[in-house]
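Shown next, in structure tokens, is the structure this report addresses.
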Amino acid sequence: MDTVAERLEPIPVTVTFLEMKRPPAGYAHVPVNRNVALIKTRDMPLHYYRYLTDRVGRKWHWVNVLRLSDEELANKIHKPGRDIRVLYLDGAPAGFFDINPLRPDETEIAYFGMMEHATGLGLGRWFLGAAIEAAWATGPKQVVVQTCTLDHPAALPLYQKLGFSPVGQKREEVHPLPFEERAASVMR
């Protein structure tokens, strides 16, 4: 009988690279009748970052962060200028975004997403707008983001509605995490 690890074949994906050359004229307001908070973190614990990445990205196969050692992850998320904000809905974590200033003239929305219980409530446009606003606050000449064919089907259209333009694509493979590896990473 096959083990779970033996059945996890690489998944072919198309990655779309997008850029925004100027900030939007305005940003969406916080949705009414929703108890939401967006909190900027300081020195986020590694286990919490992994938890958020796993809970937001499990369905979409966000595995790269989960494969990093503690030292590699700390070097990424604790570097100067990194801006990680957690979305809370009714007091519980509901998503996050991670703004990464790549160079003085370019800032990346490295991660952006919501947990399943927060989708479909009218938060996405506002939340992505908050990520875009945070990215532009770093003073770049452009903001970049990427998405792939494994992400939520609304991701690419939403990025485009809010002002991003596709500038390229490439084919890659995502190597899913076996349960044991995912559990070891998230429980680290």
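Just so you know, all these numbers are worked out from the coordinates, no wet-lab data involved. Just so it is clear, the structure is predicted and the values come from calculations on it, not from any experiment. As a convention, Cβ positions derive from the backbone with ideal geometry for all residues, glycine included, and neighbour counts pool all protein chains shown.
Numbers for the structure displayed
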quantity	calculated
Number of Lys pairs (Cα under 21 Å; 8 or more positions apart or on different chains) in the stretch 4-186	6
From phi via Karplus (6.51, -1.76, 1.60), per-residue ³J(HN,Hα) for the stretch 111-118 in Hz, x at Gly/Pro	9, 7, x, 10, 6, 4, 5, 9
Nitroxide proxy distance, nm - points 7 Å out along Cα→Cβ at His152 and Glu106	2.7
Relative contact order of the stretch 58-130, pairs being alpha-carbon contacts under 8 Å that are 6 or more residues apart, as %	19
Nonlocal amide H pairs with Val174, under 5 Å, H built at 1.01 Å	Ile11, Val13
³J(HN,Hα), Karplus 6.51/-1.76/1.60, whole Hz, each residue of the stretch 39-53, x for Gly, Pro	10, 6, 9, 10, 6, 4, x, 4, 5, 6, 4, 5, 4, 4, 4
Computed over the stretch 4-186: relative contact order in percent, which uses C-alpha pairs under 8 Å that are six or more apart	39
Extension gain (nm, one decimal) between Asn64 and Tyr51, 0.36 nm per residue minus Cα-Cα	3.4 nm
For Glu108, residues with placed amide H under 5 Å, excluding near neighbours	Asn100, Leu102, Val144
Sequence-distant residues sharing a close amide H with Arg82 (under 5 Å, placed H)	none
The stretch 62-74 - phi-based ³J(HN,Hα) in whole Hz, Karplus 6.51/-1.76/1.60, Gly and Pro as x	7, 10, 4, 4, 5, 8, 6, 6, 4, 5, 4, 5, 4
